[in-house]
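Colleague: Quick one: this structure, given as structure tokens, is what I'll be asking you about.
Bear in mind that the values in this text are calculations on the coordinates, not laboratory data. Since the model is a prediction, treat every value here as computed from it, not as a measurement. Here Cβ is always computed from backbone atoms with ideal geometry, including for glycine, and neighbour counts include all displayed protein chains.
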Ligand SMILES: Nc1ncnc2c1ncn2[C@@H]1O[C@H](COP(=O)(O)OP(=O)(O)OP(=O)(O)O)[C@@H](O)[C@H]1O
Ligand SMILES: [Mg+2]
């Protein structure tokens with residue numbers, strides 16, 4: 001079982017998009033996959049057309065001792081792809097968590113209940129470095145960092161790497177756990193802009209083998225798929241976005257946890 005975290009404190013870089021499409025791509029290859037939506041915006045949940053009405057979500061899972069992982073898991077429309085959904089109630093749960101003991105380890109303890117039941121778990125995280133993201137870092141072991149190339153991207157990536165070192169030293173060491181960077185994923189890549197090409201070259205020079213070979217192009221179908229509640233593979237299987245996510249799936253499979 002591999003647990004991947006899709007994280008970046010910057011908003012709108014493609015965390016939820018990557019969570020949905022990477023998970024769907026793995027599920028299509030007959031891997032058993034679980035998405036954990038750990039963002040109060042619930043974009044992975046909405047993007048797979050999963051409803052939280054009258055159902056318990058990750059909010060109860062994190063704040064109520066008796067609620068089990070199995071109770072909150074829902075099937076999605078796609079075979080082999082399940083989800084622990086989220087909605088705005090997670091924002092309140094996040095505040096409640098602040099007053100609970102061992103608040104960084106709530107998700108980890110619940111995920112242990114389903115140990116070995118999935119080949120892959122993918123955690124979508126919010127655009128902040130709070131308790132929710134910390135729970136992701138104590139649960140998962142490989143981080144995918146989507147970025148949009150711009151002047152500040154390099155600095156953002158460096159800061160993120162520093163934060164991971166801090167989490168490993170000050171928090172994960174308590175539980176003998178370690179999280180590492182699987183790779184930086186360039187999203188919204190537009191080969192026509194000089195800036196994107198330049199920043200991509202610099203990112204590759206500095207972060208070398210920590211940058212995925214796959215780049216996700218700017219592609220309107222990716223955006224449309226999400227609003228239709230489908231993965232890119234089901235919405236537009238022949239588009240450039242679908243090919244790119246297919247190649248990311250292959251890169252992840254090849255790594256097989258070696259980071
Ligand atoms: N490669 C792409 N081409 C076109 N649109 C994209 C692409 N990647 C993401 N988008 C769109 O950009 C928007 C932001 O993407 P997404 O929600 O995945 O970002 P996020 O990092 O999860 O944001 P947040 O930080 O708010 O959680 C969405 O509307 C999504 O459909
Ligand atoms: Mg998101």
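Colleague: Computed from the mean reciprocal separation of all distinct C-alpha pairs, what Kirkwood hydrodynamic radius does the stretch 192-259 have, in Å? Spell out each step's value before the answer.
Modeller: Working: mean 1/r = 0.0737 Å⁻¹.
Result for the stretch 192-259 stands at 13.6 Å.
Colleague: Hey, with R₀ at 25 Å, roughly what FRET efficiency would residue 95 and residue 66 work out to, going by the Cβ-Cβ distance, to 0.05? Walk me through the numbers on the way to the answer.
Modeller: Working: r = 20 Å, r/R0 = 0.81.
With R0 = 25 Å, the Cβ-Cβ based efficiency is 0.80.
Colleague: Could you calculate the contour length gain from residue 159 to residue 205, that is, 0.36 nm times the residue separation minus the distance between their Cα atoms, to one decimal place in nm? The partial results should precede the final answer.
Modeller: Details: separation 46, 0.36 × 46 = 16.56 nm, distance 1.67 nm.
The residue 159-residue 205 span can extend by a further 14.9 nm.
Colleague: Pairs of alpha-carbon atoms within less than 8 angstrom and 6+ residues apart define the contacts here; what relative contact order does the stretch 2-255 have, in percent? All intermediate terms of the calculation are to be shown ahead of the outcome.
Modeller: Working: 482 pairs, mean separation 64.0, N = 254.
Reported as a whole number, the value is 25 percent.
Colleague: Per-residue ellipticity at 222 nm for the chain, helices alone: DSSP H runs ≥ 4 residues times -39500 (n - 2.57), over residue total, nearest 500 deg cm²/dmol?
Modeller: Numbers: 12 runs with 113 residues, N = 259.
Mean residue ellipticity, 222 nm, calculated: -12500 deg cm²/dmol.
Colleague: In addition: Write down the radius of gyration of the stretch 2-255 and its Dmax, each obtained from C-alpha positions, in Å.
Modeller: Looking at the stretch 2-255, its Cα Rg and Dmax stand at 17.3, 54 Å.
Colleague: Same structure again: In which sequence would 57, 214, 201 go, from the one with the fewest C-beta neighbours within 10 Å to the one with the most? Provide the component values of the computation, followed by the final result.
Modeller: Working: 57 24, 214 19, 201 10.
Lowest to highest Cβ neighbour count: 201, 214, 57.
Colleague: Sticking with this one: From the square roots a ≥ b ≥ c of the eigenvalues of the alpha-carbon gyration tensor of the stretch 75-219, which class results: rounded (a/c under 1.5), prolate (a/b over b/c), or oblate? Present the calculation step by step, with values, prior to reporting the outcome.
Modeller: On the way: a/c = 1.95, a/b = 1.55, b/c = 1.26.
Verdict is prolate for the stretch 75-219.
Colleague: Would you list 141, 86 from fewest to most Cβ contacts within 10 Å? Spell out each step's value before the answer.
Modeller: Values: 141 18, 86 31.
The order, fewest Cβ neighbours first, is 141, 86.
Colleague: So how far, in whole Å, is the C-alpha centre of the stretch 100-153 from the one of the stretch 226-241?
Modeller: 25 Å
Colleague: What is the percent of Cα-Cα separations in the stretch 119-182 that go past 14 Å? Mind dumping the intermediate values first?
Modeller: Values: 1197 of 2016 pairs.
Distances greater than 14 Å cover 59 percent of the Cα pairs.
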